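The values are calculated or read from the model by the stated rules, or taken from the named source; none is laboratory data. These numbers were taken from a predicted model, which means no experiment stands behind them. No Cβ is skipped: glycine too gets one built from the backbone with ideal geometry, and neighbour counts run over all protein chains shown. Note: areas computed on protein heavy atoms with side chains; ligands, DNA, RNA excluded. Shrake-Rupley method; radii C 1.70, N 1.55, O 1.52, S 1.80 Å.
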Amino acid sequence: MKQGIFTVTGNSPLNARYARLALSGDTSGISAPGQFVELSLPGFFLRRPFSVCDWDSSSLTLVYESVGKGTRALRELPAGTRLDLLTGLGKGFDLSRAGAEPLLIGGGSGVSPMLGLARRLLESGARPRIILGFNTRDELILLEDFHALGLSPTVTTADGSFGIRGFVTEAMSVPHSFFYTCGPEAMMRAVAEKSPVSGQLSFDARMGCGFGACMGCARMTVNGPKRVCRDGPVFDKEEIVWAD
Amino acid sequence: MGRLSVSLCGIELDNPVIPASGTFGYGCEFAELYDINCLGTFSFKGTTREARFGNPTPRIAEAYAGMLNAVGLQNPGVDAVIAEELPRLAQVFHKPVIANVSGFSVEEYVEVCRKLDAQPQVGWLEVNISCPNVHGGGMSFGTDPNAAAEVVRAVKAVTTKPVIVKLSPNVTDIVSVAKACEDSGADAISLINTVMAMRIDLKTRRPVLANVTGGLSGPAVFPLALRMVWQVSKAVKIPVVGLGGVSSAEDVIEMMLAGASAVQVGAANLRNPYACREIIENFPAVMDRYGIENIKDIIGGAHG
């Protein structure tokens, strides 16, 4: 984990639901895709956790949804704003388990960390396949960014307005060596149940600190209670205990 | 002894800054970030007899200038704390630590305190009779002077180390609870624990916290905590440890002027993991600004 001051270099809507925040600063705290940052917003007590979409040595991007007061305030931040971030938080995706043909499945805002993961899997020589699920065509994000990596994601929309009609599981009947997923829990559960192989899932949680101190975001696993922020947010399929 | 040093129940602290229980784990997360030996000491995560998951999630909510938690005493249980957490802590922290203890019965407080009292690393026992987030224990002892006295007497009978009793602000007469603890043998009082509170989600029209209510902490509660520290320190002769919303060296000094012998820092650690180190680093300059030579000289200074 590293604390640092970052400068907003871009903050623009991707569509009516999601926006992309680009920040410049020292990203040396980030060691794996799937890790997150905690961003301190002026006027708000608690930091806000965001999965890192992608990063290089001096910049990172986040995709966020304005769901509450904090993330609405985030939309108003102009380029040049300086923000205090904790970076490199949590345990990210384990690339060493990918195998030759990993399957990456992102749903909604959970598409975000799949981009950085796909880039690094490609760099490591794997050939990732991508499935992206959205409610509707108007909420599609990052498709062109995956295309820029030379990848052609399969897109599903719940209402059939783009790609395959239905949920991401409709597109999962492709052979894969391992899966990585991030999205709504119901989606991730369906993915884990449908896939015949092992995989990793990245969870969202309401957090206090983001670095393992407050125990606010605990989740029961087969190995006992774990902190989503510190022991996760990425967990192995075999560890997960699903709520009934 | 430096100008920041204070004494708490006969044990010297290099400075009065103490991370509060529940915001500092068992120390190791913070030891990865900075040398935690710069602290006066710290109070570790509330420990019970058995391992506890705590309350269902979500158990964190935000407030203006603060936060609510309803963690509900998640901890690995006293035996695991002794077998795993304390040896790990010994690698990175070389001062006596405050062992924070919670329970659901007098017998549980007694058993956990007895076990922790025997640990050489433990300097003080902080008996938490004020957790607002558990049912049938915690705060139910801290809101009744007789029940508080019973816990203190029972714990004192089986321990040798100083016993600090952590009080709840969720009472109409904090002084009577504090006096009952003093009369039963408490060596110090710490206050305040969190203030019972809640939030409602406008979209779902339901409470934000799965537990419905939680404890409010952070700068929002500082004036309330300060008032209670003032009242209690006026009424008892034993030392008072002040906490509640402390976020800066100035806040620490204000708490000490109100009567605190040492000061705990809670929610600030969760917002800024370096908060306590920064407070300690800022201390000498802030003392200079207010003409304070030695910090211990100002304890209770506002009482005139």
Sequence order, the stretch B:35-40: Karplus ³J(HN,Hα) from phi using 6.51 cos²θ - 1.76 cosθ + 1.60, θ = phi - 60°, Hz rounded, Gly and Pro as x, gives 6, 6, 5, 6, 6, x
Out of A:N15, A:S58, A:P33 - ranked by how far each Cα lies towards the positive end of the dipole of the stretch A:2-89, with unit charges on the beta-carbon of charged residues - the top one is A:N15
Quotient of Cα radius of gyration and Kirkwood radius for the stretch A:2-89, i.e. Rg/Rh, equals 0.92
In units of 2.2 N^0.38 Å, the Cα radius of gyration of the protein assembly as shown is 1.03
Once normalised by the length of chain B, the mean sequence separation of its alpha carbon contacts under 8 Å that are 6 or more apart gives a contact order in percent of 20
To the nearest 20 debye, the stretch B:219-304 has a Cα-centred charge dipole, built from +1 on Lys and Arg Cβ and -1 on Asp and Glu Cβ, of 340
Per the C-alpha gyration tensor (a ≥ b ≥ c, the square roots of its eigenvalues), chain B is rounded if a/c is under 1.5, else prolate if a/b beats b/c, else oblate; here it's rounded
Averaged over the residues of B:23-29, the number of partner chain Cβ atoms within 10 Å of each residue's own Cβ comes to 4
Inter-chain shielding metric for B:61-72, i.e. average beta-carbon neighbours from other chains within 10 angstrom, reads 4
Heavy-atom accessible area per residue of the stretch A:2-89, all protein chains kept, 1.4 Å probe, expressed in Å², is 38
Zone reached by a paramagnetic label modelled 7 Å from B:K237 Cα along Cα→Cβ, restricted to the stretch B:145-187 with backbone N below 12 Å, covers B:183
Out of A:P153, A:M188, A:G70 - ranked by how far each Cα lies towards the positive end of the dipole of chain A, with unit charges on the beta-carbon of charged residues - the top one is A:G70
With T = 37 °C, eta = 0.692 mPa s and Kirkwood Rh from C-alpha pairs, the Stokes-Einstein D of the stretch B:155-304 in µm²/s is about 198
The equivalent-ellipsoid semi-axes of the stretch A:65-156, taken as the square roots of five times the Cα gyration tensor eigenvalues and listed largest first in whole Å, are 27, 18, 12
Whole-Å distance linking the alpha carbon centroid of the stretch B:229-304 with that of the stretch B:1-51 is 14
Probe 1.4 Å, heavy atoms of protein chains only: per residue, the accessible area of the stretch A:95-239 in Å² is 38
If every Lys and Arg gets +1 and every Asp and Glu gets -1 at its Cβ, then about the Cα centre the stretch B:96-212 yields a dipole, in debye to the nearest 20, of 500
Residues hit by the 50 Å² burial cutoff in the stretch A:1-44, accessible area with a 1.4 Å probe, assembly against chain on its own, are A:M1, A:Q3
Placing each pseudo-label 7 Å from Cα in the direction of the beta carbon, A:I5 and A:R165 end up separated by a distance in nanometres of 5.5
Once both label points are put 7 Å beyond Cα along the C-beta direction, the A:L122-A:D138 separation in nm becomes 3.1
Of A:R20, A:R206, A:R189, the most mobile residue in a GNM of chain A (C-alpha springs, cutoff 10 Å) is A:R206
Carbon and sulfur atoms account, in whole percent of the 1.4 Å probe accessible area of chain B, for 53
If every Lys and Arg gets +1 and every Asp and Glu gets -1 at its Cβ, then about the Cα centre chain A yields a dipole, in debye to the nearest 20, of 380
Relative contact order of the stretch A:2-89 (C-alpha contacts under 8 Å, at least 6 apart) in percent is 42
Between A:A243 and A:E101, Cβ-based FRET efficiency (R0 25 Å, step 0.05) works out to 0.20
Taking the alpha-carbon centre of each part, the distance from the stretch B:179-204 to the stretch A:57-106 in Å is 37
In terms of the charge dipole of the protein assembly as shown, which places +1 on Lys and Arg and -1 on Asp and Glu at the beta carbon, the residue among B:A235, A:L86, A:G107 farthest towards the positive end is A:G107
For the stretch A:181-222 the residues that are at least 40 Å² less accessible with all protein chains than alone, 1.4 Å probe, are A:R206, A:F211, A:A213, A:C214, A:M215, A:G216, A:A218
Between chains A and B, total accessible area buried, probe 1.4 Å, no ligands or nucleic acids, nearest 100 Å², roughly 2500
In vacuo Debye sum over C-alpha of chain A, base-10 log of normalised intensity I(q)/I(0) at q = 0.12 Å⁻¹, listed in q order, is -0.64
